[in-house]
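> One structure, as structure tokens, below. Some questions next.
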Amino acid sequence: MSRDAGNDDQRVSEESMASGIDELSAWLDAAVDPFVACDAGENVCFLNAAAERLLGWTRAELIGQPASRLFPQRLHRHEGESLLRHLLSRRAALGGRATRVLARRKDGAEIMVELTVGASGKGRDERIVLNFRRLHEVVDTLAEPVERALHGRESESVPGDALFRTVVEHAPLGIIYFDLDAIVIACNELFVRIIGSPKRLMVGLNLLSLRDEGVLHCVRETLAGHTCDYEGEYRAITSGKKTPVHIRFAPCFNAAGQVEGGIGIVEDISERRRAERERERLYREAQEAIRVRDDFLSIASHELKTPLTPLSLRLATLERRLARGELVESSTLRQARLYLLRITSLINDLLDSSRIEAGRLALHREATRLEGLVEHVLHELEPQRGNHTVRFDAPEQPVQVNVDPFRMEQVLANLVENAFKYSPNGGTVRVSLRQRGGLALLSVSDEGIGIPPDQQKLLFDRYFRARNASAHSFGGLGLGLYISRDIVERHGGRIWVESEPGHGATFHVALPLMAGAPARPNVEEPGQLIH
């Protein structure tokens, strides 16, 4: 026979062997029961898909590892030999029956299984096979005749057991039963849905292998004959799911009054927790509303008394001079008028705020040249200018808009007064008006204290005042910008702010140009805090 023919035969043989191994692996993976094969050194050589699902290890992670990794540390040695060697030595005595033993999953959970160990070959050629079976899920098992015969009450126990299973499975709470060794014997479907782990992983689980100290304490107390309650966010070690639960643990006693296990009644309290969080949120909002109200009343009383006191003094002075027939100075009347205007403005802001909340703030639109309106407002505010310099950058051509002139004067006056108020050391207040696309863009900037970034988005809320602005130092009810935003938006426009603390602030108002008004090419608008 030629060398090539010999090589071909060898390749065919190797391919056949590989095919046979693949075929065997496929059969073993199709098996329902978990299966693990080890060599003479008790190292894992193979495990099927059912074993991967049961133990949580992948084939690649476990092959080559000691089989002892599949069991808790305390079970690695028994009577001076390894667990596998001990079970192999007991094969004849066991007569092929399975042994109940705790297996250890990759995640550390311990589960009760029925284990059968077999071996073939000797010495280095020895092969050891481990067959695992999960404990029966008591709630799901059928009532077999042999089970009924054990109780000697076939006619009575069958309906009772069926009724018990029906009640347990349809109970509105999760139910779990465990024995004296804290091994889960049974549970209903609602329990596994709450916890988030399949029943095949829960039945046989050793509760004392859990990492939740609260659950461990309750299990120990239950097996000691005491009821116990657990409430917390339970994290399932098999699925990682976190669930807020309340569990009522209670011991189960036999006819002699001895504890033979325990039961846990599990309630998913996710909805209750959400309701509690919602109540806490509403309570915080109510407390904040009370704080805002109290702050507002304090500020409002201060703001109203501030002009009333000097106004009363001015009027008393006027009364005395008139009674004595003395000449009344025009400056005294002018000051009294300014105080009266201040009070009127505060009252109007309160009325406008109420109208806005009720949806009754009316607009009376008319064609208006915006640059003329700006000049009029700046002229009216001249007495309040103090040591500020006001510059108006007028547009090159008229800016025509369809607005309520009185309300737009109110907006502009508020922005300019704020510029005076929040730049107390003077400086320049710049007002500019220009066209951008189909919009009229009005800007008011100052060189004052500025606004912190985290508070800029709240500036247009009712009663809000920036935290770096003292109520008694800068005055105001916190309504001006709130009212201004509503007026601008009712005109189809937008208002926003750009500011850095210590470097002043610029407020922008964008309004649609009147239909037919000439428009400039569109220019990108600032996108900060547009309202």
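The values are calculated or read from the model by the stated rules, or taken from the named source; none is laboratory data. The shown structure was predicted, so the numbers you read here are calculated from the model rather than taken from an experiment. Because the Cβ atoms are built from the backbone with ideal geometry, glycine has one as well, and the counts that use them run over all protein chains shown. Heavy atoms of the whole protein, side chains included, go into the accessibility calculation; ligands, DNA and RNA do not. Shrake-Rupley method; radii C 1.70, N 1.55, O 1.52, S 1.80 Å.
> Quote the relative contact order of region 163-252 in percent (integer), defining contacts as alpha-carbon pairs under 8 Å separated by 6+ residues. Show your work: numbers first, answer last.
Values: 138 pairs, mean separation 19.1, N = 90.
Once divided by the residue count of region 163-252, the mean separation gives 21 percent.
> Which distance in nm do the two modelled labels at A92 and E288 give, with both placed 7 Å along the Cα-to-Cβ direction?
Placing both labels 7 Å beyond Cα along the Cβ direction yields 8.0 nm.
> Roughly speaking, what is the centre-to-centre gap between region 313-361 and region 192-250 when only Cα atoms are used, to the nearest Å?
Rounded to whole Å, the Cα centres lie 73 Å apart.
> Running Debye on region 15-136 with equal point scatterers at the Cα sites and no solvent, what base-10 log of I(q)/I(0) appears at q = 0.10, 0.13, 0.14 Å⁻¹?
-0.30, -0.51, -0.59
> K241: which lysines have alpha carbons under 18 Å from its alpha carbon, excluding same-chain residues fewer than 8 sequence positions away?
Candidates past the 8-residue exclusion: K106, K199.
> Can I ask one more? Out of the trypsin sites (Lys or Arg not before Pro) in region 416-467, which ones are loop residues according to DSSP with at most 16 other C-beta atoms within 10 Å?
Details: sites: K421, R430, R434, R436, K457, R462, R465, R467; in loops: K457, R462, R465, R467.
Sites meeting the loop and neighbour criteria: K457, R467.
> Using Cα centres only, tell me the gap between region 67-97 and region 363-413 in whole Å.
What the calculation gives is 95 Å, centre to centre.
> As an exercise, use a Förster radius of 30 Å and the Cβ-Cβ distance of R59 and R211 to find the FRET efficiency, rounded to the nearest 0.05. Display every interim value, and only then the final one.
Numbers: r = 27 Å, r/R0 = 0.88.
So the FRET efficiency works out to roughly 0.70.
> Top to bottom by accessible area (1.4 Å), largest first, where do T389, T332 land? List each step's numbers first, then the result.
On the way: T389 65, T332 10 Å².
In descending accessible area the options line up as T389, T332.
> Let me ask something else. Relative contact order for region 303-429: what percent, with Cα pairs under 8 Å and sequence separation of 6 or more?
Values: 96 pairs, mean separation 31.0, N = 127.
So the answer I get is 24 percent.
> Still on this structure, please answer the following. List residues of region 169-203, by number, whose backbone nitrogen lies under 20 Å from a label position 7 Å along Cα→C-beta of R277.
Only 194-196 pass the distance filter.
> In addition: May I ask you to compute the full-extension gain from V129 to H78, defined as 0.36 nm times their residue separation minus their alpha-carbon distance, rounded to one decimal in nm? Don't skip to the answer; put the middle values down first.
Working: separation 51, 0.36 × 51 = 18.36 nm, distance 1.87 nm.
So the chain would gain 16.5 nm between V129 and H78.
> Which length gain, in nm to one decimal place, applies between D29 and R248 when the Cα-Cα distance is subtracted from 0.36 nm times their residue separation? All intermediate terms of the calculation are to be shown ahead of the outcome.
Working: separation 219, 0.36 × 219 = 78.84 nm, distance 4.05 nm.
Here the answer is 74.8 nm.
> Here's something else I'd like to know. Subtract the Cα-Cα distance of D454 and R436 from 0.36 nm times their separation in residues, and report this length gain in nm to one decimal.
Working: separation 18, 0.36 × 18 = 6.48 nm, distance 2.87 nm.
Roughly 3.6 nm would be gained on extension.
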